[in-house]
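The values are calculated or read from the model by the stated rules, or taken from the named source; none is laboratory data. Quantities reported herein were computed from a predicted structural model and do not represent experimental measurements. Glycine gets a Cβ as well: all are built from the backbone with ideal geometry, and neighbour counts include every protein chain shown. Note: accessible area is taken over every heavy atom of the protein model, side chains too, but ligands, DNA and RNA are not part of it. Shrake-Rupley method; radii C 1.70, N 1.55, O 1.52, S 1.80 Å.
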Amino acid sequence: MKVLVLNGPNLNLLGIREPEIYGTESLADLERELVIIAQPRGVELVFVQSNHEGVLIDWLQQAFFENYDGVIFNPGAYTHYSYAIHDAVASITTPVIEVHLSDITQREAFRQHSVLETVAMARFYGKHFQSYHEALYYLIAEENTK
Ligand code: DQA
């Protein structure tokens, strides 16, 4: 099983950016935690972070063409307004799981809407790194029902 963990803008600054919201641990710490879950379960993880919308779209398409079994996707602020990201997820049959560290439903009004809401297979948010853990467990469970 192969899963793309795709992180959007400013998530490379985890641990530095607004630690009171996003925590003090880094993106590398998050990736290490996910590998600990994935490895014993035979799941290969590919980690990509980009600050650029088009690069995120290219990777979603690549995940489709290369037959990844799923994408765990935190689009950062693109979540709230990028119809190009919405269309990219709608265009592929690869399961995409939307994740957020913070609880976007309880923050500023502009964060409460997600363009992925109608196209993501599942959504986990508000649980910091645990949101990603739950997304990975979800994809593993989906795979086991095949
Ligand atoms: C975020 C929430 C977004 O509103 C914000 O722009 C981010 C991170 C989260 O993980 O909580 O960059 O996606």
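The table below gives the values:
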| item | result |
| --- | --- |
| Among (1) within 16 Å of the ligand (Cβ to nearest atom); (2) more than 16 Å from Phe124 (Cα to Cα); (3) without any contact (Cβ under 8 Å) to a residue 40 or more places away in the chain; (4) β-branched (Val, Ile, Thr), the one test that Ile104 misses | (2) |
| Per-region count, the range 12-24, residues in contact (Cβ under 8 Å) with a residue 40 or more places away in the chain, out of contact with any Leu (no Cβ under 6 Å at 6 or more places or on another chain) and of a type outside the set (Val, Ile, Thr) | 1 |
| Extreme residue, surrounded by the most Cβ atoms within 10 Å (Cβ to Cβ), among residues of the range 31-48 that are in contact (Cβ under 8 Å) with a residue 12 or more places away in the chain and in contact with a Leu (Cβ under 7 Å, 6 or more places away or on another chain) | Leu34 |
| The lone exception for Tyr137 - which of (1) surrounded by fewer than 17 Cβ atoms within 10 Å (Cβ to Cβ); (2) part of a helix (DSSP H, G or I); (3) within 15 Å of the ligand (Cβ to nearest atom); (4) not charged (D, E, K, R) it fails | (3) |
| Identity of the residue in the range 80-106, of a type in the set (Val, Ile, Thr) and within 18 Å of Gln61 (Cβ to Cβ), that ends up surrounded by the most Cβ atoms within 10 Å (Cβ to Cβ) | Val96 |
| Odd one out for Lys146, checked against (1) more than 16 Å from the ligand (Cβ to nearest atom); (2) crowded, with 16+ Cβ neighbours inside 10 Å; (3) outside any helix (DSSP H, G or I) | (2) |
| Which listed residue is touching a strand residue (DSSP E or B) at 6+ places or on another chain (Cβ under 8 Å) and either of a type in the set (S, T, N, Q) or over 12 Å from Leu6 (Cβ atoms) (or both), from Thr93, Thr105 | Thr105 |
| Criterion (open to solvent by less than 60 Å² (accessible area, probe 1.4 Å), over 13 Å from Tyr132 (Cβ atoms), modelled with pLDDT of 95 or more and out of contact with any strand residue (DSSP E or B) (no Cβ under 9 Å at 6 or more places or on another chain)) met by exactly one of Ala63, Ala77 | Ala77 |
| Tally, over the range 107-134, of residues that are within 9 Å of the ligand (Cβ to nearest atom) and open to solvent by 10 Å² or more (accessible area, probe 1.4 Å) | 7 |
